[in-house]
Amino acid sequence: MHKLDLIVIGSGVSGHSTASAARNKGWTVAVIDEKPFGGTCPQWGCDPKKVLIETVKIQDAFDRMKGYGLTGDAQLDWSKLREHKETFTKPIPESTVEEFKNDGIEVHQGHAQFIDDHTIEVNGEKLQASYFLIASGASPTKLPVDGFENLVSSDAFFELDELPQEMVLIGGGYISFEFAHIAARLNRKVTIIHRGERPLEGFDEDVVNHLVDYSKKLGIDIRTKTELEAVEKQGNAFTVSIRSENNTEQLSADIVIHGAGRAPNVHNMGLDRTSISYSKKGIKVDKNQQSISAPHIYAAGDCADDGKLPLTPLATEAGSRVIQHMLEEKQQDDFNHVQPSVVYTIPGIASVGVSADDAAKSQDKYTVIKQDLSSFFTNKTTRLEEGYSKIILDKEKQIIVGAHLYAAHAEHLINVFTLAIEMEAPVKMLQSLLWAYPTAESDISSMLQ
């Protein structure tokens, strides 16, 4: 039986970095992935999404500014936009495999199944290793509805040759809203179905309400407190059956996209044949990303139950912990960083740190500063007169501990607030700082008044 020092399951950021670091240390390493090598983020996640949304932003700005210094016509072309996206995504699998092979890392394309604590099987071949890193990511959650097989995954959205005219998005999370804002700018009919009382539940309610109101102005139909009951294929189209309170309704759609959450890829790996502890949130690990029940096993990224958000920077950080503990035997400190999160709509929303709900429960400890940003100069220059901020301050220390934004430059501003929180920068310093003007960052002083 083939024996190695390390087997990595998954080739995303944490798997890739750990495999390369182990090989550089002289270890024998194999990487297994059942999907094209390179991971979700650069192929079907944050990177291609950003490529699409940045072009859509240009069209959106053109539409707002037509007659205000811009003339002529411009329109989005989905097929050309997809081709542009593929210049980023298409080379990734081949280049990743080539890099691994050049480094002397074995590559296995297929599904990994554990036989026991030290043995896995892939494509009929059994491999053993002293250590394992499970970085298998996540997949769309199975939904208990008739016709579930008629839903397409969010990954498939990026591969569509043509963008259908009528789209129904299941789930009111960031995936659905980002896709909806892209499709709406391509003049598609878009409906979001969400079972909860409000969408984007991990973000500030007031911030989300502003985004929902603007999304509706774009023509996006947002149904909350609505259950998906069935999706029936009829020729080349679909009938989507939904229920809200005591009312039932059927919607027509050319495509139904699953955006209702993802589950860690741990339930079809033979983990029950091992001593690896796991939950519905993933493999249970400690602060070293080490399995709490099988110390030669590590897990990182979306498949790890480590209390972190399922975001690429957090997977990168987790991979670093694996490298330092597994390869360098360095005990890791508790994770105590704030975790910024962004929804790439137009305008976008972003959040970091203490929430307004938590602040409301401890009014003696926190101050909440709310600002309407719609009339700010940075918004009016391109006629996108939308914006709102909610900043949370520690009353005693007079430092920022939370920030929640709805703004054209939310994805950039949130990094400034993240830095301020991490550095415990005094509010007075941010208020008095000589920001370059006029910029989105120069608005921060006004947000703190």
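Only the coordinates and a few stated rules stand behind these numbers; no lab work does. These numbers were taken from a predicted model, which means no experiment stands behind them. All Cβ positions, glycine included, derive from the backbone under ideal geometry; neighbour counts span all protein chains shown.
The chain has equivalent-ellipsoid semi-axes of 38, 29, 22 Å, by the square roots of 5 times the alpha carbon gyration tensor eigenvalues, sorted largest first. Bridging of Lys308 to aspartates and glutamates at a Cα separation below 19 Å is possible for Glu201, Asp204, Asp286, Glu317, Asp333, Asp334, Asp358, Glu422, once same-chain residues fewer than 8 apart are set aside.
Oblate is the label for the range 261-314, because the ratio a/c of its alpha-carbon gyration tensor axes (a ≥ b ≥ c) is 1.5 or higher and a/b is not greater than b/c. Measuring between alpha carbons in the structure, the pairs from Lys50/Lys101; Lys216/Lys390; Lys57/Lys380 lying more than 20 angstrom apart are Lys50/Lys101; Lys216/Lys390. Under 17 Å Cα-Cα from Lys142, which aspartates and glutamates qualify once same-chain neighbours fewer than 8 residues away are excluded? Partners found: Asp155, Glu227, Glu229, Glu232, Asp302. Simple spin-label estimate for Asp73 and Glu86 gives 2.7 nm between the two label positions (7 Å along the Cα-to-Cβ direction from each Cα). Centroid-to-centroid, using Cα positions, the range 74-92 and the range 255-330 are 32 Å apart.
Computed from Cα atoms alone, the Kirkwood hydrodynamic radius reported for the range 256-359 is 15.4 Å.
Across the range 385-424, the residues whose backbone nitrogen lies under 13 Å from the label position 7 Å along the beta-carbon direction of Cys46 are 411-412, 415.
Between Asn24 and Ala61, full extension at 0.36 nm per residue minus the direct alpha carbon distance yields a gain of 8.6 nm. Overall shape: oblate for the range 74-120, with the ratio a/c of the largest to smallest alpha carbon gyration tensor axis at 1.5 or above and b/c at least equal to a/b. Taking a ≥ b ≥ c as the square roots of the Cα gyration tensor eigenvalues, the range 148-260 comes out oblate, since a/c reaches at least 1.5 and a/b does not exceed b/c.
Given 0.36 nm per residue, what is the gain on full extension from Leu309 to Gln165 after removing their alpha carbon distance, in nm?
Working it through step by step, the gained length comes to 48.5 nm.
Cross-linked pairs Lys49/Lys361; Lys35/Lys281; Lys281/Lys370: Cα-Cα separations exceed 26 Å for Lys49/Lys361; Lys281/Lys370. Please identify, among Met167, Met269, Met326, the residue showing maximal mean-square fluctuation in a Gaussian network model of the chain using a 10 angstrom Cα cutoff. Highest fluctuation of the listed residues: Met269.
Extension gain Asn336-Asn268, at 0.36 nm per residue separation less the Cα-Cα distance, in nm?
Taking Asn336 through Asn268 to full extension adds about 21.3 nm, to one decimal.
Inter-label distance, Lys233 to Leu434: 6.6 nm, where each label sits 7 Å from its Cα along the C-beta direction. When Rg and the Kirkwood Rh are both derived from Cα coordinates, the Rg/Rh ratio for the range 307-449 amounts to 1.03. Tally Lys and Arg at +1 and Asp and Glu at -1 over the other residues with C-beta under 9 Å from the C-beta of Trp435: what net charge comes out? Taking every Cβ under 9 Å from that of Trp435, the sum is -2.
Bridging of Lys80 to aspartates and glutamates at a Cα separation below 16 Å is possible for Glu54, Glu159, Asp161, Glu162, once same-chain residues fewer than 8 apart are set aside.
Computed on the range 256-362, with alpha-carbon pairs under 8 angstrom and 6+ residues apart, the relative contact order is 17 percent. The listed peptides 386-395, 242-251, ordered by packing as a protection proxy, come out as 386-395, 242-251 (highest mean of other Cβ atoms within 10 Å first). Taking amide hydrogens as placed 1.01 Å from N in the peptide plane, the amide H of Ile283 sits under 5 Å from those of Ala304, Asp305, each at least 5 positions away in sequence or on another chain.
Distance between the pseudo-spin-label points of Asp364 and Asp254 (7 Å out from Cα toward the beta carbon): 6.0 nm.
Note on the range 358-380 and the range 1-55: Cα centroid distance 40 Å, given to the nearest whole angstrom.
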